[in-house]
1. If you scan the stretch 44-78, which residues turn out to be among the aliphatic types (A, V, I, L, M) and closer than 18 Å to ILE94 by Cα?
2. Could you list, in sequence order, all residues of the stretch 57-98 that are of a type in the set (Asp, Glu), within 21 Å of PHE192 (Cα to Cα) and outside any helix (DSSP H, G or I)?
3. Checking the conditions here, which among LYS171, LYS190, LYS138 is within 14 Å of the ligand (Cβ to nearest atom), at pLDDT 95 or above and basic (Lys, Arg)?
4. Before we move on, is THR151 outside the structural domain of ILE10 (by TED's automatic domain parsing), farther than 15 Å from GLU181 by Cβ, within 12 Å of the ligand (Cβ to nearest atom) and in contact (Cβ under 8 Å) with a residue 24 or more places away in the chain?
5. Could you list all residues from the stretch 110-126 that are over 16 Å from ALA93 (Cα atoms) and either without any contact (Cβ under 8 Å) to a residue 40 or more places away in the chain or in a loop (DSSP other than H, G, I, E, B) (or both)?
6. From the set of residues in the stretch 157-175 that are in contact with a strand residue (DSSP E or B) (Cβ under 9 Å, 6 or more places away or on another chain) and surrounded by fewer than 19 Cβ atoms within 10 Å (Cβ to Cβ), which is farthest from LEU114 (Cα to Cα)?
7. I'm trying to understand the selection: among the residues of the stretch 49-95, which are within 10 Å of VAL36 (Cα to Cα) and of a type in the set (Lys, Arg)?
8. Please indicate, with yes or no, whether at least one residue in the stretch 34-46 is part of a helix (DSSP H, G or I) and surrounded by fewer than 21 Cβ atoms within 10 Å (Cβ to Cβ).
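The values are calculated or read from the model by the stated rules, or taken from the named source; none is laboratory data. Source: prediction; values computed, not measured. Ideal geometry is used to build each Cβ from the backbone, glycine not excepted, and the neighbour counts take in all protein chains shown.
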Amino acid sequence: MAGIKIAVLISGGGTNLQALIDAVEAGYIEGEIALVISNKKDVLGIARAKAHGIKTIVLEKSTYGFREKRDAALLEALEKNNIDLIVLAGYLAIVPDMIIQKYRNRIINIHPSLIPSFCGDGYYGEKVHEAALERGVKVTGATVHFVNEVTDGGPIILQEAVVVDFEDDTKGLQQKVLQVEHRLLPQAVKLFAEGRLEVVGNRVKINRE
Ligand code: GRF
């Protein structure tokens, strides 16, 4: 199979992983998901990967004890599988700086807000949507960005807005944003696979085909 080799890092249900699997199988993304890595073992995302014959690795704290050992195992898995692109899709463990440096501008993350709003340490999962509702914003959305040493601080690739209705609760808003995420993340991976992303300082230029 031509195209890029992708590793998807997850910690939970994996609906974004599923969107990527569907996009690859539909031929929308030229590449393969060679590896799914989770820091938790019994999560639905692992079952989704196995159902599509994708290799899975679980790197649990309890198994590796020291963080350095787990980080080394993560790097070894990425290098052994010749990974071109790392996608963080609801991954809640910290990506070590040595991997960010080795894979500079080859790691992307999806975040469920319009960065720089409601992002950074402590902003993950439902907490992001709770904060958006609490603040009373009229629009929120999703962001795909390259990963650097600053949590949610890397160059932004794609963003899309979602209108917040007064009736929305946390779960309802999360579902509305997830629908956008499931389109935005495959789009960003496709652009990467086509070599159309150019990082210029802290900005991303999307070049023509
Ligand atoms: C998504 O909302 C993503 O933006 C965030 O974590 C959630 C993961 O959802 N980082 P899923 O596991 O892909 O369903």
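1. Across the stretch 44-78, the qualifying residues are ILE57, VAL58, LEU59, ALA72, ALA73, LEU74, LEU75, ALA77, LEU78.
2. ASP84
3. LYS171
4. Spelling it out, THR151 is indeed outside the structural domain of ILE10 (by TED's automatic domain parsing), farther than 15 Å from GLU181 by Cβ, within 12 Å of the ligand (Cβ to nearest atom) and in contact (Cβ under 8 Å) with a residue 24 or more places away in the chain.
5. PRO112, SER113, LEU114, ILE115, PRO116, SER117, PHE118, listed by residue number.
6. VAL163
7. Listed by number, the residues that qualify are LYS50, LYS55.
8. Within the stretch 34-46, one or more residues are part of a helix (DSSP H, G or I) and surrounded by fewer than 21 Cβ atoms within 10 Å (Cβ to Cβ).
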